[in-house]
1. One residue is enough: does the range 77-88 have a residue meeting the conditions crowded, with 17+ Cβ neighbours inside 10 Å and at pLDDT below 90?
């Protein structure tokens, strides 16, 4: 996954001089340290205004330097660690378009010739953030669906011509998010939150 903001101001920043980008990246690093410490996790202390945009810009700033010019005082692993420590995965899940995920689940169910009670498959979902700082998020989810007929006595006796997500209990069993080129596995609390929203 590569996350890119399309805000013109954002793209202008990436075209600034090396000196400017070094200084901004260092300032953003200090913002992260303060946010995690005395800043009490308050987004107003982040240059970009929120965790997702802040860490994404740090990632893009770091990669905007030629390999030989990348700063030695911060690494891509450091930026990933900041993102994870600051709850970026949870912030991304809050932006996840569960309606889009449910649509994909519904499409999958309609491709099945019959109902076998349980069905394991993967959902690939993309969410675009609100406002003009549009960010694309790729997200992979393993889903287990259990049929619970609303209008049918036995799903093995009569199968509807068209499944709907409402005919199933959708339970995420595993989830992965590619965060700055590293795969992050969702924990039980995150899966429970997604299950509640699906």
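The values are calculated or read from the model by the stated rules, or taken from the named source; none is laboratory data. In this text, all values refer to a predicted model and were calculated from it rather than measured experimentally. Cβ: placed from backbone, ideal geometry, glycine included. Neighbour counts: every protein chain shown.
1. As a first pass, look at the range 77-88 and keep what is crowded, with 17+ Cβ neighbours inside 10 Å: 79-80, 82-83, 86, 88.
Narrowing further to those that are at pLDDT below 90: 88.
Yes: one or more hits.
Yes/no matrix, rows are residues, columns are (1) touching a strand residue (DSSP E or B) at 6+ places or on another chain (Cβ under 7 Å); (2) within 22 Å of residue 77 (Cα to Cα); (3) at pLDDT 95 or above:
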position	(1), (2), (3)
12	no, no, no
16	no, no, no
34	no, yes, yes
47	no, yes, no
51	no, yes, no
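So that you can scan it fast, the table gives a plain yes or no per residue for (1) in a helix (DSSP H, G or I); (2) over 14 Å from residue 180 (Cα atoms):
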position	(1), (2)
26	yes, yes
39	no, yes
44	yes, yes
48	no, yes
62	yes, no
